Amino acid sequence: MRKNLLLAVFLFTGFFMQAQNVTSGIRVAVNISNLDFEPDATFGNTHRNGLAMGAFVDYAFSDKISIMPELMYSAEGGKEENLRVNYIQLPITLRYHIGELSIGVGPQANLKIWDYEDGYKTFNFSGVAGLQYDILENLFLDARFSYGFGNILDDNVNDLEATNSTIQLGIGLKI
């Protein structure tokens, strides 16, 4: 499954690299992540500060509209060791540009990279929205929010359901 996902990402990225209006680069961010439990958790559930990093390709359809797929590593979940979960993520955002500011929204696929039987589902989806401000031609700051669409816990985990919510504050370099 993981090999197929990586192959799809590389083929998708290669398709966009053939286009004329393409920008690529790298991005690093700080995560503030938490799990929202249903029913409410009866144990300590504090946010986790983590790291996100990866690469992107931004394909411009016009001066105002672009689409930006990314491949990222992201440390998410809760602060306690047994509540942590790390992902390889594929966000694909449709972006609207207003001068140096761009607004993006889209889906995000999450592939867990952790122990085999740790209580988390291997694959899930989120929605992501964010703002990006170009400081210089090749340097930008951004802020994002992602929220999980479904339960990230295995079905046999104590009749609990959890969704992941994450705020990212990042910096990126266009190459």
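The values are calculated or read from the model by the stated rules, or taken from the named source; none is laboratory data. Owing to the predicted nature of the structure, the values given are computational and were not obtained by experimental measurement. With ideal geometry, Cβ positions are generated from the backbone for all residues, glycine too; neighbour counts draw on all protein chains shown. Quick note on the areas: whole protein, heavy atoms, side chains included, nothing else; ligands and nucleic acids left out. Shrake-Rupley method; radii C 1.70, N 1.55, O 1.52, S 1.80 Å.
The table below gives the values:
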quantity	calculated
Cα centroid separation - the stretch 20-67 against the stretch 99-160, whole Å	5
Qualifying GluC sites (Glu not before Pro) in the stretch 91-159, DSSP loop, other Cβ atoms within 10 Å at most 10	E117, E137
Sequence-distant residues sharing a close amide H with E80 (under 5 Å, placed H)	T46
Nearest-10 value in Å² for the accessible area of T93, using the 1.4 Å probe	10
At most 13 other Cβ within 10 Å, DSSP loop - chymotrypsin sites (Phe, Trp or Tyr not before Pro), the stretch 42-96	F43, F61
At most 15 other Cβ within 10 Å, DSSP loop - chymotrypsin sites (Phe, Trp or Tyr not before Pro), the stretch 104-165	W114, Y116, F149
Label-to-label distance, nm, for residues given as K79 and N151 (7 Å Cα→Cβ offset)	2.7
